[in-house]
Amino acid sequence: MQRYFINTAKENIEGDIFITGDDVHHISRVLRMQPGNKVVCCTKDGFEALCEIVEITNDQVSCSVLEWMTVNHELPVSISIASGLPKGDKLEWIIQKGTELGASSFIPFNAARSIVKLETKKVGKKLERWSKIAKEASEQSYRNIIPTISEPCDFHELISLAKGFDVKIVAYEESAKQGEKKNLAKAFDELQVGGSMLAVFGPEGGLTEKEVSKLEEAGFIICSFGPRILRTETAPLYLLSAVSYNFELSR
């Protein structure tokens, strides 16, 4: 069943649901759907409705709600991924696969060793592309919501944002080299169902000792992800997989 996200909350839907934007072209031209075909519409507050297409125009697809569904595909905890800006399309990979694995938001930041420095005039186009990737990955993986993606911030702004999270961790390769094994489990023990975690990952060159010290002073738990050193685009996926196992599959 094809899924589409709409920018309306369930409480504001009184009659039909209207699908707009690029999804109209996808429904009418790519899938060649007709009135009577069924789709799933996801509201911006995470509810799903089984709908029947009533009318297709150039600007919108009108759908009638057949049934509100109660299936929840979201992680029982909220995980935000803060990535030091990596090179190339690695952040796109992190957003796509991280969305599939259940991340609730992505926060790119300029780390000391980030080679990429986004120009202000390019941020808008980048955000638009990142958001499209997250939307398509959410549809593919049956998410109830689309993760939010922040504008790239600096390190000090990241520290300030961290105050709003219940648990904060930083992945640090030096901890892995030293054989640290318990801190990730400790962080999971502190994180309650319904709670929020911010996980910080460095760029290709890793985080500096100064950055890690600043994060530790701000209440971050320094974690290793096992004895192997993971790439900047792999480590967030390891964490999200571990979160799913700990909070979903092992309970």
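The values are calculated or read from the model by the stated rules, or taken from the named source; none is laboratory data. It should be emphasised that the depicted structure is a prediction, and the values quoted were computed from it without experimental measurement. Quick reminder, even Gly has a Cβ in these numbers, built from the backbone with ideal geometry, and neighbours come from all protein chains shown. The protein model used for the area step is the full one, side chains on, heavy atoms only, and it has no ligands, DNA or RNA in it. Shrake-Rupley method; radii C 1.70, N 1.55, O 1.52, S 1.80 Å.
For the chain, what does -39500 (n - 2.57) per DSSP helix run (n ≥ 4), summed and divided by total residues, give at 222 nm, in deg cm²/dmol to the nearest 500?
Details: 8 runs with 75 residues, N = 251.
When only DSSP H runs of four or more count, the value is -8500 deg cm²/dmol.
Kindly give the semi-axes, whole Å and largest first, of the ellipsoid equivalent to region 177-251, taking each as the square root of 5 times a Cα gyration tensor eigenvalue. Before the final figure, lay out the partial values.
On the way: eigenvalues 90, 47, 28 Å².
Over the Cα atoms of region 177-251, the semi-axes work out to 21, 15, 12 Å.
Placing +1 on the Cβ of each Lys and Arg and -1 on the Cβ of each Asp and Glu in region 133-251, which of 229, 201, 179 has its Cα farthest towards the positive end of the resulting dipole?
179
When ligands, DNA and RNA are left out and all protein chains stay put, how many square angstrom of accessible area per residue does region 172-251 have with a 1.4 Å probe? Don't jump to the answer; show the numbers that get you there.
On the way: 4300 Å² over 80 residues.
Accessible area per residue, region 172-251: 54 Å².
At a 1.4 Å probe, what is the % contribution of carbon and sulfur to the accessible area of the chain? It would help to have the intermediate numbers written out before the result.
Working: 6240 of 13270 Å².
It is 47 percent, rounded to a whole number.
For region 222-240 and region 1-79, what is the centre-to-centre distance using only Cα atoms, to the nearest Å?
36 Å
With the Cα gyration tensor of region 1-113 in hand, give its eigenvalues times 5 under a square root as the equivalent ellipsoid semi-axes, listed largest first in whole angstrom. Present the calculation step by step, with values, prior to reporting the outcome.
Details: eigenvalues 209, 61, 27 Å².
Equivalent ellipsoid semi-axes, largest first: 32, 18, 12 Å.
Give me, ordered by chain and number, the residues 5 or more places off residue 37 or on other chains with an amide H under 5 Å from its own placed amide H.
53
Quick check: residue separation of residue 186 and residue 1 times 0.36 nm, minus the Cα distance between them. What number comes out in nm? All intermediate terms of the calculation are to be shown ahead of the outcome.
Working: separation 185, 0.36 × 185 = 66.60 nm, distance 3.97 nm.
Roughly 62.6 nm would be gained on extension.
Taking a 1.4 Å probe, which of 130, 93 shows the most accessible area, and what order do the others take after it?
Working: 130 10, 93 120 Å².
Ranked list, largest accessible area first: 93, 130.
Once you measure Cβ to Cβ distances between cysteines in the chain, which Cys have no partner under 4.7 Å?
41, 42, 153, 223 - these cysteines have no disulfide-compatible partner (Cβ-Cβ under 4.7 Å) in the chain.
What number comes out for accessible area per residue over region 10-136 if the probe is 1.4 Å? Units Å², please. Could the numbers behind the result be given before it?
Values: 6880 Å² over 127 residues.
Ligands and nucleic acids excluded, the result is 54 Å² per residue.
For the peptides 97-110, 62-75, 115-128, what is the packing order when you average, over each peptide's residues, the other Cβ atoms within 10 Å and list the highest mean first? Before the final figure, lay out the partial values.
Details: 97-110: 21.6, 62-75: 13.4, 115-128: 11.5.
Order by mean packing, descending: 97-110, 62-75, 115-128.
Debye sum, Cα scatterers, region 57-140, no solvent: what log₁₀ I/I(0) at q = 0.20 1/Å?
Those come out to -0.99, one per q.
For the chain, taking Cα atoms only, what is the radius of gyration to one decimal and the Dmax to the nearest whole Å?
My reading of the Cα-based Rg and Dmax gives 20.0, 62 Å.
Could you work out how much longer the chain between residue 57 and residue 128 gets when fully extended? Use 0.36 nm per residue separation minus the Cα distance between them, nm to one decimal. Provide the component values of the computation, followed by the final result.
Numbers: separation 71, 0.36 × 71 = 25.56 nm, distance 2.49 nm.
Full extension of this stretch gives 23.1 nm more.
With everything on Cα atoms, drop me the angle between helix 120-140 and the longest principal axis of the chain, reported from 0 to 90° to the nearest 10.
The angle comes out at about 70 degrees.
Quick check: Cα centre of region 130-151 to Cα centre of region 191-213, how many Å?
Measuring centre to centre over Cα atoms gives 21 Å.
So what are region 79-195's ellipsoid semi-axes, whole angstrom, largest first, if each one is the square root of 5 times an eigenvalue of the alpha-carbon gyration tensor?
Values: eigenvalues 116, 77, 38 Å².
Square roots of five times the eigenvalues give 24, 20, 14 Å.
For the chain, modelled as a Gaussian network with Cα springs under 10 Å, which listed residue fluctuates most, 143, 32, 228?
Sorting by GNM fluctuation, first place goes to 32.
Quick check for me: using +1 on Lys/Arg Cβ and -1 on Asp/Glu Cβ, what's the dipole size of the chain about its Cα centre, in debye to the nearest 20?
Values: 30 positive and 35 negative charges, 169 e Å.
That gives the chain a dipole magnitude of about 820 debye.
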